[in-house]
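Participant: Supplied in structure tokens, the structure appears directly below.
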Amino acid sequence: MRALLPAVGAEAEVDVHEFYGRDWLDRGGLRANFISSVDGAVTVAGLSRGLQTAGDNRVFAALRDLADVVLVGAGTARAEGYAAIHLSAERRAARHRLGLARSLPTAVVSRSLRLDPDAALFTDTEAGARTIVLTCQAGDPAVRARLDKVADVVICGDADVDLAKARSALDERGLRRILCEGGPTLFAGLAHAGVLDELCLTVSPLLAGPGPTRISAGAIWPLSAGERHLLRLTGLLEEGSALFCRYAAVR
């Protein structure tokens, strides 16, 4: 893997942790990680793993190593089969060297609370990494009562999840380095709410063809909102014709 921006020499192998940790470990924020095909598809046969490359898997692991919490929408958690995160001894040691906790919790955003309290995402967590559920008053109270026994349930709004409040709730728990892994609807909501700080986008060197969705989904944004969502390219890696882009939100 080589760096194209900032350039460090054509033959120099990139330290992925250093590349993605720069201006992040001290500052923190909310960063999203996505992969898409060259023609903009976010999935192949309904799953993102059809787009993955060896380099993308390394970036995925490094971004988790640099995070205090993984943030995911309930739909993506169900589709991708999310379970509680268990880190190897090597990755725990790497996190410790970086000054992060040895365990990595997951936070799930769900308005409807269509979640299974018996799923491994809730029942198989490590000590200090209890799953967090970010929901709203409109969620099913019976499910909420069951989830309360296996997760930290946080109310962030009335009829819908207020994503600014959700981010604040994580910040208040000391989880300042937030890694969002999707899905497209949650990503679009975070960007539109103005709480997204960074996008890490892998462009996989393939064409998926018509049909799959983009990395953002949901209601159409007003044209007047365009300036609110400008991005600035701060880093670019390449490996095997795949591109690994690091964008900062322009405030």
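Participant: Looking at the range 35-59, which of its residues are modelled with pLDDT under 95 and either among the hydroxyl-bearing types (Ser, Thr, Tyr) or within 29 Å of Ser168 (Cβ to Cβ) (or both)?
Facilitator: Ile35, Ser36, Ser37, Val42, Thr43, Ser48, Thr53
Participant: Can I ask one more? Going through the range 43-83 one residue at a time, which ones are touching a Pro at 6+ places or on another chain (Cβ under 6 Å) and over 28 Å from Gly139 (Cα atoms)?
Facilitator: Thr43, the sole residue that qualifies.
Participant: On to the next question. Could you check how many residues of the range 220-244 are modelled with pLDDT of 90 or more and outside any loop (DSSP other than H, G, I, E, B)?
Facilitator: So the answer is 12.
Participant: Please count how many residues of the range 175-193 are open to solvent by 40 Å² or more (accessible area, probe 1.4 Å) and part of a helix (DSSP H, G or I).
Facilitator: 2
Participant: Between residues in the range 55-76 that are acidic (Asp, Glu) and residues that are open to solvent by 10 Å² or more (accessible area, probe 1.4 Å) and in a strand (DSSP E or B), which pairs lie under 6 Å by C-beta distance while being six or more apart or on different chains?
Facilitator: Asp56/Ile35; Asp68/Arg177
Participant: A further question follows. Tell me, yes or no, whether the range 215-226 has at least one residue that is out of contact with any Lys or Arg (no Cβ under 6 Å at 6 or more places or on another chain) and closer than 30 Å to His17 by Cβ.
Facilitator: Yes: the range 215-226 contains one or more residues that are out of contact with any Lys or Arg (no Cβ under 6 Å at 6 or more places or on another chain) and closer than 30 Å to His17 by Cβ.
Participant: Can you pull out every residue in the range 126-152 that is hydrophobic (A, V, I, L, M, F, W, C), within 29 Å of Ile35 (Cα to Cα) and not in a loop (DSSP other than H, G, I, E, B)?
Facilitator: If the condition is that a residue be hydrophobic (A, V, I, L, M, F, W, C), within 29 Å of Ile35 (Cα to Cα) and not in a loop (DSSP other than H, G, I, E, B), then Ile132, Val133, Leu134 are the ones that fit.
Participant: Does any residue of the range 194-206 turn out to be surrounded by fewer than 23 Cβ atoms within 10 Å (Cβ to Cβ), touching a Ser or Thr at 6+ places or on another chain (Cβ under 6 Å) and part of a helix (DSSP H, G or I)?
Facilitator: no
The values are calculated or read from the model by the stated rules, or taken from the named source; none is laboratory data. If you're wondering where the values come from, they're calculated on a predicted model, not measured in any experiment. FYI the Cβ positions are ideal-geometry reconstructions off the backbone, even for glycines, and counts take in every protein chain you see. Note: accessible area is taken over every heavy atom of the protein model, side chains too, but ligands, DNA and RNA are not part of it. Shrake-Rupley method; radii C 1.70, N 1.55, O 1.52, S 1.80 Å.
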